[in-house]
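> Below is a structure I'd like to ask you about.
The values are calculated or read from the model by the stated rules, or taken from the named source; none is laboratory data. Keep in mind that this is a model prediction, so the values were computed, not measured. We place every Cβ from the backbone using ideal geometry, glycine too, and count neighbours over all the protein chains shown.
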Amino acid sequence: MRNIGIFAHVDAGKTTLSEQLLLKAEAIRTLGSVDSGTAHTDTLPVEQRRGIPVRAACVRLNWKGETINLIDTTGHTDFSAEIERSLWALDGTVIVVSGASIPSANYSSVII
Ligand SMILES: Nc1nc2c(ncn2[C@@H]2O[C@H](COP(=O)(O)OP(=O)(O)O)[C@@H](O)[C@H]2O)c(=O)[nH]1
Ligand SMILES: [Mg+2]
């Protein structure tokens, strides 16, 4: 079993990537969407309503015989304690860099 965290600033595409990984691993049948409030890791009503991540969310998938707990973190510095808390549990991380926008100034606080 491996615990993998996904990190980036807000709106970089963490939740969208998580959704694609879940689909690719056949953990879900239908691709959810952040924009329509159906992403599997945006589960809190406030996250679905406002499209902002508040808490780190954990989903499980199987890949080539390995169980992976995927932790989709919040990129908001307001919730940085939530980001730090998830670090303790991780075996590895994926850092998402958005090619569609200029990296946010809060990258440093989220990633370092
Ligand atoms: N054009 C484009 N938009 C994306 C991509 N990934 C995510 N988005 C959009 O960027 C916004 C933020 O994505 P989200 O996954 O919520 O980012 P998060 O805050 O890092 O979890 C949403 O409106 C997504 O539809 C991508 O690869 N290309
Ligand atoms: Mg998100």
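> (1) buried (at least 17 other Cβ atoms within 10 Å of the Cβ); (2) at pLDDT 90 or above; (3) of a type in the set (V, I, T); (4) within 15 Å of ligand 1 (Cβ to nearest atom): which one isn't true of I95, the others all being true?
Evaluating I95 over (1) buried (at least 17 other Cβ atoms within 10 Å of the Cβ); (2) at pLDDT 90 or above; (3) of a type in the set (V, I, T); (4) within 15 Å of ligand 1 (Cβ to nearest atom) leaves (1) as the failure.
> Within the stretch 38-83, which residues are assigned to a strand (DSSP E or B), more than 11 Å from ligand 2 (Cβ to nearest atom) and under 13 Å from the mean Cα position of the chain (by Cα)? Talk me through it step by step, then tell me what you get.
Step one: filter the stretch 38-83 for residues assigned to a strand (DSSP E or B), giving 57-63, 66-72.
Checking the rest, the ones that are also more than 11 Å from ligand 2 (Cβ to nearest atom) come to 58-63, 66-71.
Passing the criteria: C58, V59, R60, N69, L70, I71.
> Moving on. Being surrounded by 16 or more Cβ atoms within 10 Å (Cβ to Cβ) and assigned to a strand (DSSP E or B): is that true of L23 here? Reasoning before the result, please.
On the way: surrounded by 16 or more Cβ atoms within 10 Å (Cβ to Cβ): yes; assigned to a strand (DSSP E or B): no.
Spelling it out, it is not the case that L23 is surrounded by 16 or more Cβ atoms within 10 Å (Cβ to Cβ) and assigned to a strand (DSSP E or B).
> Which numbered condition in (1) more than 9 Å from ligand 1 (Cβ to nearest atom); (2) under 22 Å from L87 (Cβ atoms) is the only one that P45 fails?
Evaluating P45 over (1) more than 9 Å from ligand 1 (Cβ to nearest atom); (2) under 22 Å from L87 (Cβ atoms) leaves (2) as the failure.
> May I pose another question? With the requirement that a residue be surrounded by 11 or more Cβ atoms within 10 Å (Cβ to Cβ) and either in a loop (DSSP other than H, G, I, E, B) or modelled with pLDDT of 80 or more (or both), what does the stretch 98-112 give you?
Within the stretch 98-112, S98, S101, P103, S104, N106 qualify.
> Can you find, within the stretch 75-92, the residue that is modelled with the highest pLDDT among those that are surrounded by 15 or more Cβ atoms within 10 Å (Cβ to Cβ) and over 13 Å from D11 (Cα atoms)? Outline the logic, then answer.
Let us first name the residues in the stretch 75-92 that are surrounded by 15 or more Cβ atoms within 10 Å (Cβ to Cβ), namely 75-77, 79-80, 82-83, 86, 90.
When the remaining residues are screened for being over 13 Å from D11 (Cα atoms), the result is 79-80, 82-83, 86, 90.
Numbers: F79: 76, S80: 76, E82: 75, I83: 77, S86: 79, L90: 93.
That would be L90.
> Now, a different point. I'd like the residue in the stretch 1-37 that is over 15 Å from the mean Cα position of the chain (by Cα) and hydroxyl-bearing (S, T, Y) and, out of all such residues, is nearest to T67 (Cα to Cα).
Among residues in the stretch 1-37 that are over 15 Å from the mean Cα position of the chain (by Cα) and hydroxyl-bearing (S, T, Y), the one nearest to T67 (Cα to Cα) is T30.
> Looking at the stretch 52-67, is at least one residue crowded, with 16+ Cβ neighbours inside 10 Å, in contact with a Leu (Cβ under 9 Å, 6 or more places away or on another chain) and among the basic types (K, R)?
yes
> Another question, then. For D35, state whether it is among the acidic types (D, E), in contact (Cβ under 8 Å) with a residue 60 or more places away in the chain and within 13 Å of ligand 2 (Cβ to nearest atom).
no
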